[in-house]
Amino acid sequence: MNTRIKVIRSPRAMQDACLKLRARGKTIGFVPTMGALHDGHLSLIARARRENDAVVVSIFVNPTQFGPSEDYLKYPRPFSHDKDLCRAAGVDILFAPGVAAMYTQDHKTFVNVAKMSDVLCGAARPGHFRGVATVVNKLFNIVAPSSAYFGKKDFQQLAIIKNMVRDLNIPVKIVSCPIIREPSGLARSSRNRYLSDIERDHAQKLSRSLSLARRLITRDGISNPARITAEMASIIKTIPGARIDYIKICNPETLEELKTIETRALIALAIFIGKTRLIDNCIAIRDVVN
Ligand code: PAF
């Protein structure tokens, strides 16, 4: 166990620490998070640990990515447990700034990755990805990582960050990591802790509907997105109290909806189970001989 984890609260002190590491030729692997760490985050940290000299994790519940009626205030903040997990995972520096340190009262500058931010989750959460792109950009400027690790569960976030880094020439390698699932198939998420036992049980149907869609595309060669999303919806509708925000089949690079599935397709969904909004996705590759 790494007993020497350092907690830094000030962006300036964090920047100094990271610039010193980079000046000594050290690589920095960075895992940005909002805390409430679970196995998904721990898999990102483990990979960053394997691939870098130093590992930095940030915990910052970023207000600019929450809408006015969203769960910013009640978002879980188990800081001391998160710190223990980071220490056990071999994290060198935990960056945990307060809101006032990250955003001055007259903060005016935002980063918006056009088009991709307005579809899928962006349609129901206006401004969400502007908040994500802005804070990730700030964190990259503070931490100056060599590589940053993101999970594919937030596929849209990952695609937007990859575009931002390319468009703004940010010298950070973005590493995409697989979705970590519970044995039932439910994708690990900090918001799973909002689910009651019965809701958690029902939530397995999200990944089941994705597996069905993947089979329809890869095994049966079905190319009509509407047919596939209808089959998925019929599974989701068996969950009492579930509400479909979206089920969509898109181009994995541009996130544009597909009219026909030619080869690679992103199958993505957002479903409310009770009051909890869950997202999940998978990639399916249609064999061109079908
Ligand atoms: O995925 C998250 O936890 C957040 O959106 C991120 C990338 C840490 C930005 O606040």
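The values are calculated or read from the model by the stated rules, or taken from the named source; none is laboratory data. This structure is a prediction, so every number in the text was calculated from the model and none was measured. Positions of Cβ are backbone-derived with ideal geometry, glycine not excepted, and every protein chain shown enters the neighbour counts. Note: areas computed on protein heavy atoms with side chains; ligands, DNA, RNA excluded. Shrake-Rupley method; radii C 1.70, N 1.55, O 1.52, S 1.80 Å.
Residues considered: LYS83, LYS162, LYS173, LYS152. Of these, the only one that is in contact (Cβ under 8 Å) with a residue 60 or more places away in the chain, open to solvent by 30 Å² or more (accessible area, probe 1.4 Å) and under 25 Å from LEU21 (Cα atoms) is LYS83. If only residues of region 15-33 that are touching a residue at least 24 places away in the same chain (Cβ under 8 Å) and part of a loop (DSSP other than H, G, I, E, B) are counted, the one that is surrounded by the fewest Cβ atoms within 10 Å (Cβ to Cβ) is LYS26. Only one of the numbered conditions (1) assigned to a loop (DSSP other than H, G, I, E, B); (2) open to solvent by less than 10 Å² (accessible area, probe 1.4 Å); (3) in contact with a strand residue (DSSP E or B) (Cβ under 6 Å, 6 or more places away or on another chain); (4) not aromatic (Phe, Trp, Tyr) is not met by ALA36, and that is (3).
In this structure, does ALA187 turn out to be open to solvent by less than 30 Å² (accessible area, probe 1.4 Å) and within 16 Å of the ligand (Cβ to nearest atom)? For ALA187, the condition - open to solvent by less than 30 Å² (accessible area, probe 1.4 Å) and within 16 Å of the ligand (Cβ to nearest atom) - is met. Note on region 190-205: residues that are open to solvent by less than 90 Å² (accessible area, probe 1.4 Å) and assigned to a helix (DSSP H, G or I) total 11. Considering only residues of region 62-80 that are surrounded by fewer than 18 Cβ atoms within 10 Å (Cβ to Cβ) and under 29 Å from THR27 (Cβ atoms), which is farthest from the ligand (Cβ to nearest atom)? If we take residues in region 62-80 being surrounded by fewer than 18 Cβ atoms within 10 Å (Cβ to Cβ) and under 29 Å from THR27 (Cβ atoms), then SER80 is farthest from the ligand (Cβ to nearest atom).
Surrounded by 17 or more Cβ atoms within 10 Å (Cβ to Cβ) and under 17 Å from ARG130 (Cα atoms) - does that describe any residue in region 1-14? Within region 1-14, none of the residues are surrounded by 17 or more Cβ atoms within 10 Å (Cβ to Cβ) and under 17 Å from ARG130 (Cα atoms).
One line per residue, one yes/no per condition, for (1) assigned to a loop (DSSP other than H, G, I, E, B); (2) open to solvent by 20 Å² or more (accessible area, probe 1.4 Å):
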site	(1), (2)
THR229	no, yes
PRO252	yes, no
GLU262	yes, yes
ALA270	no, no
ARG277	no, yes
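Among what's in region 23-44 and is more than 13 Å from the ligand (Cβ to nearest atom) and under 14 Å from the mean Cα position of the chain (by Cα), pick the residue that is farthest from ALA89 (Cα to Cα). This residue is ASP39. For first residues located in region 51-75 and assigned to a loop (DSSP other than H, G, I, E, B), partners that are within 14 Å of the ligand (Cβ to nearest atom) and among the charged types (D, E, K, R) and lie 6+ apart or on another chain with Cβ distances below 8 Å form the pairs VAL61/ARG77; GLY67/ARG125; GLU70/ARG125; ASP71/ARG191. When you scan region 234-267, how many residues do you find that are touching a residue at least 24 places away in the same chain (Cβ under 8 Å), out of contact with any Leu (no Cβ under 8 Å at 6 or more places or on another chain) and closer than 25 Å to ASP287 by Cβ? Qualifying residue count, region 234-267: 10. I'd like the residue in region 190-208 that is polar (S, T, N, Q) and either in contact with a strand residue (DSSP E or B) (Cβ under 8 Å, 6 or more places away or on another chain) or without any contact (Cβ under 8 Å) to a residue 40 or more places away in the chain (or both) and, out of all such residues, is farthest from the ligand (Cβ to nearest atom). Only one residue fits best here, namely GLN204. Total residues in region 152-176 satisfying the condition of being out of contact with any Asp or Glu (no Cβ under 8 Å at 6 or more places or on another chain) and within 12 Å of the ligand (Cβ to nearest atom): the figure is 10. For region 97-151, what are the residues that are at positive phi and either among the small types (Gly, Ala, Ser) or within 12 Å of the ligand (Cβ to nearest atom) (or both)? Residues satisfying the conditions are GLY127, ALA144.
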